[in-house]
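The values are calculated or read from the model by the stated rules, or taken from the named source; none is laboratory data. Here the structure is a predicted model, which is why all the values come from computation and not from measurement. Cβ coordinates were reconstructed from backbone atoms using ideal geometry, including for glycine residues, and neighbour counts include every protein chain displayed.
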Amino acid sequence: MTEKQPIIEKPPKKLTVYLLGLLNPARIIRAIKFHRKQKKYCKVSHDMELRLYAEMLSNDMLHYGYFEDVDTEPEKLSFNDVENAQIRYAEKLISHMHDKFLPVLDIGCGIGGIANLIHKHGYQVEVLTPNIGQITYVRKNYPDLPSHNLKFEDFRTEKKYGTLLNAESFQYIDMKKAFEKAGEIIAPEGRWIIADYFSIQQFPDKKYQKKFEEFEKMVGEHGWKIIYQEDITFHVLPTLKFANMYVTRIVNPLLLYLEDKLLVKLAWLHHLTREIRDKLSKKLTKEFSKLDTAAFISEKKYMILVLTKQQQT
């Protein structure tokens, strides 16, 4: 009597075909080349977060907005309410502009929503951003706005501007270089409007953010003075709460559902992609942590600042 041989289960046919495809040398080489090219492209020219927000909102504005009622409950908000808050925010910035005879430079213009509104108020507006995706969008949708595709620090012009605007873009510019460049191109009695958040305490495990005390010191060192300042931290929080609500109630449950679905339908693929999914989960957790309003209040304050250059006698 012969000994019974153990039965070795063959992997599913689809899995075999999939694995053979992954091990194809030509495919691996193409994948490596694509990865290198795409990684470089994403770093220099593509802001995925801004693209996401642009798809969600219809007014081409990519900032927190301004809510009069700081206690607005997120459940009572709609996308339309958020868009109106963004327009209200832009109107607050425009109210500090005073000279329509000199051009405005929107530094870090995003996809042109604020610049377009400034233009509608009768100002000459130019936009500047180093982001290729943003400048392409602006040139396509707002062709009447003169545009500059470079970093603010590298901007060269003989022109003088009546207003310089940094709406949530000052944080991305080297502060010393920003003051030097702004001083070169601001017209006498011109205004520099900065709306952004500043760090009030720094944590070692988080990216460095500009401290307001350092900013104030640099204002004096470079011959500027602050003629208006307003802390609007609590007025931007409803947008964070609204976004956090959607993540908690829709995005996270949807991701869990898709993971369970993958486990049931394609268990082998669920197993093979575990490491990738873990990394993605950690990345999403880090990104979603930015929506924590308690952390935002403890770490930052959001300021609207208006500066003028002191004239030398």
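Is at least one residue of the stretch 238-255 closer than 30 Å to residue 160 by Cβ and either of a type in the set (Gly, Ala, Ser) or at pLDDT below 90 (or both)?
No; the residues of the stretch 238-255 include none that is closer than 30 Å to residue 160 by Cβ and either of a type in the set (Gly, Ala, Ser) or at pLDDT below 90 (or both).
Taking residue 187 as the residue in question, decide whether it is farther than 30 Å from residue 56 by Cα, surrounded by 13 or more Cβ atoms within 10 Å (Cβ to Cβ), of a type in the set (A, V, I, L, M, F, W, C) and touching a Gly at 6+ places or on another chain (Cβ under 7 Å).
Against the criterion (farther than 30 Å from residue 56 by Cα, surrounded by 13 or more Cβ atoms within 10 Å (Cβ to Cβ), of a type in the set (A, V, I, L, M, F, W, C) and touching a Gly at 6+ places or on another chain (Cβ under 7 Å)), residue 187 qualifies.
Give the residues of the stretch 74-110 that are in a loop (DSSP other than H, G, I, E, B) and within 15 Å of residue 60 (Cβ to Cβ), sorted by residue number.
108, 109, 110
What is the residue count in the stretch 155-201 for residues that are of a type outside the set (Phe, Trp, Tyr), touching a residue at least 40 places away in the same chain (Cβ under 8 Å) and over 26 Å from residue 65 (Cβ atoms)?
11
What number goes with the only condition from (1) closer than 16 Å to residue 226 by Cα; (2) part of a strand (DSSP E or B) that residue 127 does not pass?
(1)
Please enumerate the residues belonging to the stretch 136-148 that are over 16 Å from residue 166 (Cα atoms) and not acidic (Asp, Glu).
136, 137, 138, 139, 140, 141, 142, 143, 145, 146
Is there a residue being farther than 28 Å from residue 302 by Cβ, outside any helix (DSSP H, G or I) and of a type in the set (Ser, Thr, Tyr) anywhere in the stretch 135-146?
no
Out of all the residues in the stretch 261-300, which are touching a helix residue (DSSP H, G or I) at 6+ places or on another chain (Cβ under 9 Å) and polar (S, T, N, Q)?
273, 281, 289, 293
Restricting attention to the stretch 186-209, which residues are within 23 Å of the chain's Cα centre (by Cα), farther than 17 Å from residue 236 by Cβ and modelled with pLDDT under 95?
If the condition is that a residue be within 23 Å of the chain's Cα centre (by Cα), farther than 17 Å from residue 236 by Cβ and modelled with pLDDT under 95, then 201, 202, 203, 204, 205, 206, 207, 208 are the ones that fit.
I'm checking my understanding of the structure. Among residues of the stretch 239-286 that are of a type in the set (D, E, K, R) and surrounded by 12 or more Cβ atoms within 10 Å (Cβ to Cβ), which one is farthest from the chain's Cα centre (by Cα)?
Among them, the one singled out is 259.
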